[in-house]
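The values are calculated or read from the model by the stated rules, or taken from the named source; none is laboratory data. Just so it is clear, the structure is predicted and the values come from calculations on it, not from any experiment. Note: ideal-geometry Cβ built from the backbone for every residue, glycine included; neighbour counts use all protein chains shown.
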Amino acid sequence: MTAPVAPRPLRKDAARNREAIVAAAHTAIREHGGGVDVREIARRAGVGMGTLYRHFPAKEDLVTEVLHEQFTSWATSARATAAAAEDPWIALTGFFYSALAGCARQRPLMDSMAIGRSDEDTAELAAIMAELLVRAQQAGLVRPGVTPGDLQLMLHALSATVQITEKCRPGTWRRTAQITLDGLRAVHQESLS
């Protein structure tokens, strides 16, 4: 059996074009959301449509790449911020507020594109939340029975709240997040069903 052939690395000019396309997409999507026309992205990148489509056969591929890069950057920063926080409760809740603020900033993109997180991004998010939960549990700050799955579901529910409220009542999601996160506190001792 022959070993699989590794893909050839991009030529330097092709790599530059790809980087220019992704950089232009970051800016255009931030300004116009996911509804931005790919012709505008190609124009900003200084490439033709054929070049754009060689690198990203569908617009969703390009948007997914932009979201993955943004998520990776945010996750690295969020993990470092949480690790630097001395108080495990502040680390846990700060993580939630940071994630939800990111959802608020990305609302136009999320409204116009139905794109889920990659498996890799989902696993990274779950790992960060599990670490934060263990730390808060060890400090006796979280009610008994809370699981990493509970935190993941809470984040999804609160993200939906951001999507619903951010356009008509910006920032009001923070109140809902505060109420929800308060339910995690160890002062609540009743068993979870």
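Hey, could you check segment 30-84 for residues that are of a type in the set (D, E, K, R) and either under 29 Å from Ala123 (Cβ atoms) or crowded, with 16+ Cβ neighbours inside 10 Å (or both) and say which is nearest to the chain's Cα centre (by Cα)?
Glu69
Which of the following residues is closer than 20 Å to Ile90 by Cα and part of a helix (DSSP H, G or I): Ala126, Ala157?
Being closer than 20 Å to Ile90 by Cα and part of a helix (DSSP H, G or I) holds for just one of Ala126, Ala157, which is Ala126.
Identify all residues within segment 131-154 that are in a helix (DSSP H, G or I), surrounded by 14 or more Cβ atoms within 10 Å (Cβ to Cβ) and not polar (S, T, N, Q); write none if there are none.
Scanning segment 131-154 gives Glu131, Leu132, Leu133, Arg135, Ala136, Pro148, Asp150, Leu151, Met154.
Considering only segment 6-82, give the helices (runs of 4 or more DSSP H) lying wholly within it that have at least 3 residues that are of a type in the set (Gly, Ala, Ser) and either touching a Cys at 6+ places or on another chain (Cβ under 8 Å) or without any contact (Cβ under 8 Å) to a residue 40 or more places away in the chain (or both).
Of the helices (runs of 4 or more DSSP H) lying wholly inside segment 6-82, those with at least 3 residues that are of a type in the set (Gly, Ala, Ser) and either touching a Cys at 6+ places or on another chain (Cβ under 8 Å) or without any contact (Cβ under 8 Å) to a residue 40 or more places away in the chain (or both) span 12-32.
Report yes if some residue within segment 89-98 is surrounded by fewer than 18 Cβ atoms within 10 Å (Cβ to Cβ), under 30 Å from Arg135 (Cα atoms), at pLDDT 90 or above and not hydroxyl-bearing (Ser, Thr, Tyr); otherwise report no.
yes
Do we have any residue at all in segment 59-76 that's at pLDDT below 90 and small (Gly, Ala, Ser)?
Within segment 59-76, one or more residues are at pLDDT below 90 and small (Gly, Ala, Ser).
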